[in-house]
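The values are calculated or read from the model by the stated rules, or taken from the named source; none is laboratory data. Quick caveat: nothing in here was measured; it's all calculated off a predicted structure. In this analysis, Cβ positions are derived from the backbone assuming ideal geometry, glycine residues included, and neighbour counts consider all displayed protein chains. What goes into the accessible areas is simple: the full protein's heavy atoms, side chains included, and nothing from ligands, DNA or RNA. Shrake-Rupley method; radii C 1.70, N 1.55, O 1.52, S 1.80 Å.
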Amino acid sequence: MLGHPRIGPRRELKRALEGYWASRSTEAELREVARSLRAGTWRELAAAGLDSVPGNTFSYYDQVLDTAATFGAVPRRFAELGLGPLDTYFAMARGVESTPPLEMTKWFDTNYHYLVPEIGPGTTFSLADRTAVEDYREAAADGVGTRPVVVGPLTFLLLSKSAEDAPKSFRPLDKLDELVQRYAELLTELHDAGAGWVQLDEPAFAADRTPEELELLRGAYRTLSQLDRRPDILVATYFGDPGDALPTLASTDVEGIAVDLVSNASTVDSLARVDGLRSKTLVSGLVDGRNVWRTDLDAALGTAAALLEVAGEVAVSTSCSLLHVPYDVDAEANLDPHVRPWLAFAKQKAAEVVTLGRALREGRDSVADELAAARNAVQDRRSSERLRDNRVRGRLDALSADSYRRSPYDARRAAQRRTLDLPPLPTTTIGSFPQTPDVRKARAALRNGSIDQAAYDQRMLEEISRVIALQEALGLDVLVHGEPERNDMVQYFAEHLDGFVSTENGWVQSYGSRCVRPPILFGDVSRPEPITTRWAERAQRLTEKPVKGMLTGPITILAWSFVRDDQPLGETAAQVALAIRDEVRDLEAAGIRVIQVDEPALRELLPLRAEQHEDYLDWAVGSFRLATSGVADRTQVHTHLCYSEFGEVIDAIVALDADVTSIEAARSRMEVLDDLNAVGFGRGVGPGVYDIHSPRVPSTEEIEGLLAAALRSVPAERLWVNPDCGLKTRGYAEVEPALRSMVEAAARMRADLA
Ligand SMILES: Nc1nc2c(c(=O)[nH]1)N[C@@H](CNc1ccc(C(=O)N[C@@H](CCC(=O)N[C@@H](CCC(=O)N[C@@H](CCC(=O)O)C(=O)O)C(=O)O)C(=O)O)cc1)CN2
Ligand SMILES: [Zn+2]
């Protein structure tokens, strides 16, 4: 198996990290928690019976940052802080006062975020950190031989960005030869420590790559495989079909290649056409590392048997690291008993890999019971009545082109002007206000029964009144209720929709110490009753200003859930869209005049290969339009996008046809506005005027500067003023002054316009 979760079965790492950052504990205490989590992992995997246990799967924050630290790629601004190694590492991850952290972005098409290394001509690589070697030794001392896992050199540089002071012509890949020399040193040290195998991860080759990049891949692995003293090398590709990278790698002397046989059904067939696999170990990723369904072991064995014809040796594995799934189904006390037998989390997946391995080596009879149990579970899911809801399917069949269309924008704008009466440069926020410890405690109290639902609801209503009063006092124009009742913007909706189950302990790392519990979408989706209307209505009653209703869109709900794998994603998206459409209409009926449907994951789900973009964008845009087109012209539909570079989806953003789009922009100095202009976007737009991912409070002048820049691209009557994203991860001590600056900056700009 290619990798393992590392936050701890009970989020031990989250608590240890946050305790250390808040100075509640020492470095030694943090290191002790880390040590025991590492030991727990390799002992568990060895006990499960894996022949090859992945090593170095632990990380204090992120594996890409670990790789930067390993090879000494520490930008000067962090090195100059004069901190110890661990604090330098955390400074790169989180920043310190005046030193901004590395940029954070999505790891391929997942909801995991990595830190983007900064590489310039002056970056000097060295084997600066030997954690991978120490981890190997530590496991060996515990009696477990591991296969250390490290991000590969191509993927590392392809994910890096050029340092700010690098010349325009510089690319991180220019440094490949130098970096490969340092990888060579690491491999030799691992060999000398006793490692028999090393795994180098190259998922970047599941995306489109140039012929030049493929040649660089060939060159790098030729060099590494010609070393005298090195472990056997396994190159892991995952998250999609490796395409031309497969024959390229097969032409080198690496001993093993891992391929993801789950994410793309045709990869199996293409393997037969690759020369050179007969001398290699093919690590076949047959157990889905990104989803939670139990594997159809019979089918997997059939595939593995076919591969025996193609490769020298066939090993069985997960399709990718198990970082993306929770630890253990058995840690769930209250899972729906119908759904539970269909599921496999990391622990169950390790057992599946072991079963498949034994079946291949010792014959199916040696694991007859396990195979029968899997067969029953898979059969039970396939034939379950709980998967189908004919009402939902009937409604979808009855949709027409009109179900995806609103009136022309001009007519909507006129109607909205009449009902909303907003000033130029209206100010608003993206939805959430700080999730205070108090609010979370109330939710924990409801869960453990120490308060009842009525007391909880009362507590949330108090929070909502506070948030409304604060926004009135600050002088914002379009208010929000603040989302205190939501544990998470996706999980909350899943908990109120049919067709989903939620977990209590199914945590998955999103970035650093931050985790999510992706809900499990197992069957047809529908909305048994209104979800948000009562909160929105109560909030609207407290103010004359419009309160913006706040929903999560279908694409994002899918992206941040474990989805069913028995029908195309586009069909599932349409079902979720229909449920959200019901909610949008109910909000309108309850007197809500502005409704925001968030789609921060629009870009994230974009397929890694360009040939699949059109099909994706088609159903993705369709699902958003289905969700939002059921309202009258006078109702203003907003959407919100964040967490990405929008270049590749810019046409899709226009096609969403929202009246107003708020979009992350502060860090890129409003560049996204020019991209939008280039494709003729003529709607309301709120480019974020400050970055909410940092505790820094922006000054009024700074925001005025950004608004002035925005006004060079967008006329005043279309420009909105808002932060980059929701405020849930911040504290009031930062939020109040930041919003004050923002409202004041808008007021000054308005005065200038008048
Ligand atoms: N699903 C999802 N993906 C996303 C985002 C997002 O908002 N949601 N935003 C982007 C960035 N990713 C993020 C991911 C997680 C968090 C985050 O803050 N997560 C929280 C957990 C949020 C949550 O589920 N909270 C629950 C449970 C909180 C909890 O841990 N409760 C304690 C007890 C309560 C206490 O004393 O605090 C416990 O169970 O032990 C709640 O509020 O009810 C965390 O790790 O701390 C933020 C951003 C992209 N991807
Ligand atoms: Zn956002």
- Which residue, chosen from ALA79, ALA536, VAL735, occupies the Cα position most advanced towards the positive end of the dipole of the chain, where the dipole is computed from +1 (Lys, Arg) and -1 (Asp, Glu) charges on Cβ about the Cα centre? ALA536
- Message: Just to be sure I understand: of the beta bridges DSSP finds with both ends in the chain, what percent are antiparallel, rounded to 5?
- Response: 20 percent
- Roughly how much of ASP586 is accessible, in Å² to the nearest 10, using a 1.4 Å probe? 50 Å²
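Please go through region 694-732 and write out the trypsin sites (Lys or Arg not before Pro) that DSSP classes as loop and that have at most 15 other C-beta atoms within 10 Å. Walk me through the numbers on the way to the answer.
On the way: sites: ARG696, ARG712, ARG718, LYS728, ARG730; in loops: ARG696, ARG712, LYS728, ARG730.
Sites meeting the loop and neighbour criteria: ARG712.
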- Distance from the Cα centre of region 711-754 to that of region 542-577, in angstrom? 27 Å
- Using only the Cα atoms of region 1-53, build the gyration tensor, take square roots of its eigenvalues as a ≥ b ≥ c, and label the shape rounded, prolate or oblate: rounded if a/c is under 1.5, else prolate if a/b is larger than b/c, else oblate. prolate
- Any idea how far apart ASP177 and ARG418 come out in nm if each label point goes 7 Å out from Cα toward Cβ? 7.1 nm
- Kirkwood-Stokes translational diffusion coefficient of region 659-720, alpha-carbon pairs, 25 °C, 0.890 mPa s, µm²/s: 207 µm²/s
- Quick one: ranking ASP129, ASP174, ASP51 by accessible area, 1.4 Å probe, largest first, what do you get? ASP51, ASP174, ASP129
- Message: Please report the accessible area of GLU370 (heavy atoms, 1.4 Å probe, ligands and nucleic acids excluded) in Å², nearest 10.
- Response: 80 Å²
- Query: Starting at 0 and stepping by 10 Å, how many percent of the alpha carbon pairs of the chain end up in each bin?
  - Reply: 3, 13, 23, 26, 20, 11, 3, 0, 0
- Nearest 20 debye, what's the magnitude of the dipole of the chain about its Cα centre given +1 on Lys and Arg Cβ and -1 on Asp and Glu Cβ? 1480 debye
- Message: Once ligands and nucleic acids are excluded and a 1.4 Å probe is used, how much of HIS338 is accessible, expressed in Å² to the nearest 10?
- Response: 110 Å²
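What's the tally of Lys pairs in the chain whose alpha-carbon atoms lie under 17 angstrom apart, where the two lysines are 8 or more places apart or on different chains? Don't jump to the answer; show the numbers that get you there.
Numbers: LYS106/LYS161; LYS161/LYS175; LYS441/LYS728; LYS548/LYS728.
Lysine pair count for the chain: 4.
Provide CYS725, CYS320 ordered by accessible surface of protein heavy atoms (probe 1.4 Å), highest first. Intermediate values should be presented prior to the final figure.
Values: CYS725 25, CYS320 0 Å².
These residues rank, largest area first, as CYS725, CYS320.
Calculate, for SER126 and ARG273, the FRET efficiency according to 1/(1 + (r/R0)^6) with r their C-beta to C-beta distance and R0 60 Å; round to the nearest 0.05.
With R0 = 60 Å, the Cβ-Cβ based efficiency is 0.90.
Taking R0 as 45 Å, what FRET efficiency do you get between ALA22 and LEU753 from their Cβ-Cβ distance, rounded to the nearest 0.05?
Details: r = 44 Å, r/R0 = 0.98.
Efficiency, from the Cβ-Cβ distance: 0.50.
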- Between the alpha-carbon centers of region 618-653 and region 680-707, tell me the distance in whole angstrom. 21 Å
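Under a Cβ-Cβ cut-off of 13 Å, what is the net charge of the residues other than ASP438 that fall near it, where Lys and Arg count +1 and Asp and Glu count -1?
Numbers: positive: ARG440, LYS441, ARG443, ARG459, ARG466; negative: GLU462, GLU463.
Once all neighbours under 13 Å are counted, the net charge is +3.
Restricting to region 474-573, what percent of DSSP beta bridges are antiparallel, rounded to 5?
Working: 6 of 8 bridges.
Of those bridges, close to 75 percent are antiparallel.
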- Note on the structure: region 1-48 and region 271-322 have their Cα centres apart by a whole-number Å value of 30 Å
- Message: Using a Förster radius of 45 Å, what is the FRET efficiency between ARG375 and GLU671 based on their Cβ-Cβ separation? Nearest 0.05, please.
- Response: 0.25
- Query: Restricting to region 426-753, what percent of DSSP beta bridges are antiparallel, rounded to 5?
  - Reply: 20 percent
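Rounded, prolate or oblate: which fits region 12-384, taking a ≥ b ≥ c as square roots of the Cα gyration tensor eigenvalues, rounded meaning a/c under 1.5, else prolate when a/b beats b/c? Kindly include the intermediate steps, with their values, before the conclusion.
Values: a/c = 1.79, a/b = 1.29, b/c = 1.38.
Here region 12-384 falls in the oblate category.
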- Query: Taking a 1.4 Å probe, which of TYR60, TYR616 shows the most accessible area, and what order do the others take after it?
  - Reply: TYR60, TYR616
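Express the accessible area of region 597-644 per residue in Å², computed with a 1.4 Å probe while the remaining protein chains stay in the model. Could you put the intermediate results ahead of the total?
Working: 1500 Å² over 48 residues.
Heavy-atom accessible area per residue stands at 31 Å².
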- Note on the structure: Checked region 37-83 with the C-alpha gyration tensor, a ≥ b ≥ c its square-rooted eigenvalues, rounded below a/c of 1.5, otherwise prolate if a/b is larger than b/c and oblate if not; verdict prolate
- Query: Taking Rh as the Kirkwood radius computed over C-alpha pairs, what is the Stokes-Einstein D of region 488-642 at 20 °C in a medium of viscosity 1.002 mPa s, expressed in µm² per second?
  - Reply: 133 µm²/s
- Could you state the angle between the C-alpha long axis of helix 346-362 and the longest principal axis of the C-alpha atoms of the chain, as a value from 0 to 90 degrees rounded to the nearest 10? 30 degrees
